[in-house]
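Quick notes on the structure that follows.
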Amino acid sequence: MGSIPRWKLFLADTLSMTVFSTVLCMSIEIGLAGLTFGQSLTARFAAVPTNLLTGRAYGLYRDGLFRILRTRPDSWFQAALTDTVSFLTFQVPLYGIVLMIAGASLKQMALSAGGMTVIFALAGRPYGIFLQACRKWILSRF
């Protein structure tokens with residue numbers, strides 16, 4: 001990502017994190033947890049500051065992990081594995097911090113983080129693909 005202006009990467013990474021997490025979380029909140037659309041929308045608006053703070057940070061973390069692990073982007077298996085590992089190792093601790101701030105007990109944190117680990121593992125590669133598509137789209141437009 002050498003000579004690409006930082007603001008473009010910030011925009012792409014933040015936009016992708018916000019859109020992806022909104023769709024994923026609203027699906028879970030409404031479809032599985034039984035929240036109303038309004039409740040889920042409120043939760044998603046509350047999550048925007050977190051997405052703004054972590055979107056680019058995750059992009060940097062993921063890119064770094066791809067470099068460290070020497071992942072070949074043209075290898076579907078390697079990219080899927082690296083995306084899954086990066087999403088899990090970034091998002092599960094972040095989710096734990098959010099739960100801690102929300103006042104969850106240690107037992108609640110363990111149960112919630114355990115459940116989200118499965119979802120994050122399944123979401124890692126789709127998010128990596130979406131992130132790359134957002135980057136390509138932003139870089140071609142601005």
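Summary table
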item: Subset of the range 123-142 [modelled with pLDDT under 95 and within 18 Å of Phe77 (Cβ to Cβ)]; result: none
item: Sole residue being of a type in the set (Ser, Thr, Tyr), at pLDDT 90 or above and touching a Cys at 6+ places or on another chain (Cβ under 9 Å), chosen from Ser16, Ser86; result: Ser16
item: Check on Ala121, more than 18 Å from Asp13 (Cβ to Cβ), part of a helix (DSSP H, G or I) and in contact (Cβ under 8 Å) with a residue 12 or more places away in the chain; result: yes
item: Selected residue (criterion: farthest from Ala123 (Cα to Cα)) from residues of the range 34-49 that are surrounded by 12 or more Cβ atoms within 10 Å (Cβ to Cβ) and not hydroxyl-bearing (Ser, Thr, Tyr); result: Gln39
item: Given (1) farther than 21 Å from Met26 by Cβ; (2) without any contact (Cβ under 8 Å) to a residue 12 or more places away in the chain, number of the condition Leu139 does not satisfy; result: (2)
item: Output for the range 59-71, where each listed residue is in a helix (DSSP H, G or I) and more than 18 Å from Phe10 (Cβ to Cβ); result: Leu65, Phe66, Arg67, Ile68
item: Selected residue (only one of Phe142, Phe77 is of a type outside the set (Gly, Ala, Ser), exposed (fewer than 14 other Cβ atoms within 10 Å of the Cβ) and farther than 24 Å from Ser3 by Cβ); result: Phe77
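Per-residue answers, yes or no, for (1) in contact (Cβ under 8 Å) with a residue 60 or more places away in the chain; (2) more than 13 Å from Gly128 (Cα to Cα); (3) part of a loop (DSSP other than H, G, I, E, B):
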{"position": "Ala12", "(1), (2), (3)": "yes, no, no"}
{"position": "Leu24", "(1), (2), (3)": "yes, yes, no"}
{"position": "Ile28", "(1), (2), (3)": "yes, yes, no"}
{"position": "Leu41", "(1), (2), (3)": "no, yes, no"}
{"position": "Arg44", "(1), (2), (3)": "no, yes, no"}
{"position": "Val48", "(1), (2), (3)": "no, yes, no"}
{"position": "Ala57", "(1), (2), (3)": "no, yes, no"}
{"position": "Pro73", "(1), (2), (3)": "no, no, yes"}
{"position": "Phe87", "(1), (2), (3)": "no, no, no"}
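The values are calculated or read from the model by the stated rules, or taken from the named source; none is laboratory data. Just so we're clear, the structure is a prediction, and the values are computed from it rather than from any experiment. With ideal geometry, Cβ positions are generated from the backbone for all residues, glycine too; neighbour counts draw on all protein chains shown.
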